[in-house]
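Some notes on the structure that comes next.
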Amino acid sequence: MTVQLHDDPAELVADAIRGLVSAHPTIVSARFDPLFVIRADSGAPGTVAVVSGGGSGHEPLHAGFVGSGMLDAAVPGQVFASPTAGQVHAALVAADRGAGVVLIIKNYTGDVLNFTLAAEDARDDGLSVELVLVDDDLATDGENSGTGRRGTAATVVAEKLAGAAAREGRSLGEVAAVARGAAERSRSLAVGFRSATLPGHDTPSFELQPGELEFGVGIHGERGTGRTLAGNGSEIVASLVRPLVDALGLSEGDEIIAVVNGLGGTAGVHLGAARHYLDRALEGTGIRIARSLVGSYVTALEMQGISITLTRITDGDLELWDAPVTTAALRW
């Protein structure tokens, strides 16, 4: 039987939130009926709040990004399951400071449904709410994808830029436009080398043969678009970067933010090497990485693998990216 670190799978998410609050009491606090995470301080009155959330199992997304300069609240569901509309509504009401709320949603059916219902209920209560959909996963970009591209690690970029814009005192529409623009100018791709096992289960969501990788995996253990034999590190990273460059229409003179993201079971030394291989993949293109983030930020439990996100930057993005942020998982 697979050994997993929990007392009760049904209480795992709440226990994880309790641990987060214990570790970072000056940054976050939590409400448990219904469950959501909120900033420990109140933020500046009259400024826009930024709220996000979704299924757990992707830590530090989203609760790890609650704090000054990023999210004002995050709403966790159970592992790989959307939070309820009631949870989201309670977080919106608690986070609002009188200037409205930007609600950032990853493109998954349950999240879109429940977060939209919560936004409608909040509007009925008199709150102003702007929805922003993140749909960056290039592996699900096609006519047969059904619901459109999935939302993955570009969520971190959208949340960081929006949080900084809100902290500056920008209007609800302006903050939403910052987040929406970041999502529209981002694409991501991932590969998995080993799948994850859900809490309370004994087998991983898919099996790979030695030397194989799953190309285009999702962050809920979804199978990818194809299975291939793994090359060396440079070849794997290049196989992710080339389609991203093409999809974004990047060319000489363009500047980007790059996120080299571990899916939960990838060692830091490999992520550092992947950042170097990203430089190699872009060598000679004239595309400049203006800023980068390297680490495990949007995970899929203990899946071994990486994702790469490229965001084409526009005027003002770097100032927002560089603006101070203090969260459990991201701070400068």
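The values are calculated or read from the model by the stated rules, or taken from the named source; none is laboratory data. What you are looking at is a predicted structure, and each value in this text was computed from that prediction instead of being measured. When we count neighbours, we look across all protein chains shown, and the Cβ atoms used for this are built from the backbone with ideal geometry, even at glycine.
At-a-glance table
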{"quantity": "Matching residues in segment 147-185 - criterion: being among the small types (Gly, Ala, Ser) and under 12 Å from the mean Cα position of the chain (by Cα)", "calculated": "Gly151, Ala153, Ala154, Ala158, Ala183"}
{"quantity": "Search result, residues across segment 17-28 that are buried (at least 19 other Cβ atoms within 10 Å of the Cβ) and more than 25 Å from His201 (Cβ to Cβ)", "calculated": "His24, Ile27, Val28"}
{"quantity": "Yes/no for Leu213 being of a type in the set (A, V, I, L, M), modelled with pLDDT under 90 and in contact with a strand residue (DSSP E or B) (Cβ under 8 Å, 6 or more places away or on another chain)", "calculated": "yes"}
{"quantity": "Residue within segment 189-205 that is closer than 23 Å to Gln78 by Cβ and at pLDDT 95 or above present", "calculated": "yes"}
{"quantity": "Given (1) over 26 Å from Met303 (Cα atoms); (2) under 15 Å from the mean Cα position of the chain (by Cα), number of the condition Arg123 does not satisfy", "calculated": "(2)"}
{"quantity": "Residue in segment 112-119 that is buried (at least 22 other Cβ atoms within 10 Å of the Cβ) and more than 21 Å from the chain's Cα centre (by Cα) present", "calculated": "no"}
{"quantity": "Residues (touching a residue at least 60 places away in the same chain (Cβ under 8 Å) and assigned to a helix (DSSP H, G or I)) located in segment 62-87", "calculated": "Ala63, Gly64, Phe65"}
{"quantity": "Output for segment 179-202, where each listed residue is surrounded by 24 or more Cβ atoms within 10 Å (Cβ to Cβ) and of a type outside the set (Gly, Ala, Ser)", "calculated": "Arg187, Leu189"}
{"quantity": "Candidate set from segment 204-231 (those that are of a type outside the set (D, E, K, R) and surrounded by fewer than 16 Cβ atoms within 10 Å (Cβ to Cβ)); member that is nearest to the chain's Cα centre (by Cα)", "calculated": "Thr225"}
{"quantity": "Filter result (surrounded by fewer than 24 Cβ atoms within 10 Å (Cβ to Cβ) and either modelled with pLDDT under 95 or under 20 Å from the mean Cα position of the chain (by Cα) (or both)) within segment 83-100", "calculated": "Thr84, Ala85, Gln87"}
{"quantity": "Ala14 loosely packed, with under 15 Cβ neighbours inside 10 Å and either outside the structural domain of His201 (by TED's automatic domain parsing) or not in a strand (DSSP E or B) (or both)", "calculated": "no"}
{"quantity": "Matching option when the condition is outside the structural domain of Ala81 (by TED's automatic domain parsing) and not in a strand (DSSP E or B), among Thr197, Thr147, Thr116, Thr152", "calculated": "Thr197"}
{"quantity": "Residue match in segment 238-246 (condition: surrounded by 18 or more Cβ atoms within 10 Å (Cβ to Cβ), in a loop (DSSP other than H, G, I, E, B) and not assigned by TED's automatic domain parsing to the domain that holds Glu59)", "calculated": "no"}
{"quantity": "Hits in segment 111-146 (condition: among the β-branched types (Val, Ile, Thr) and modelled with pLDDT of 95 or more)", "calculated": "Val112, Thr116, Val129, Val132, Val134"}
{"quantity": "Selected residue (criterion: farthest from the chain's Cα centre (by Cα)) from residues of segment 282-332 that are more than 30 Å from Thr26 (Cα to Cα) and among the small types (Gly, Ala, Ser)", "calculated": "Gly284"}
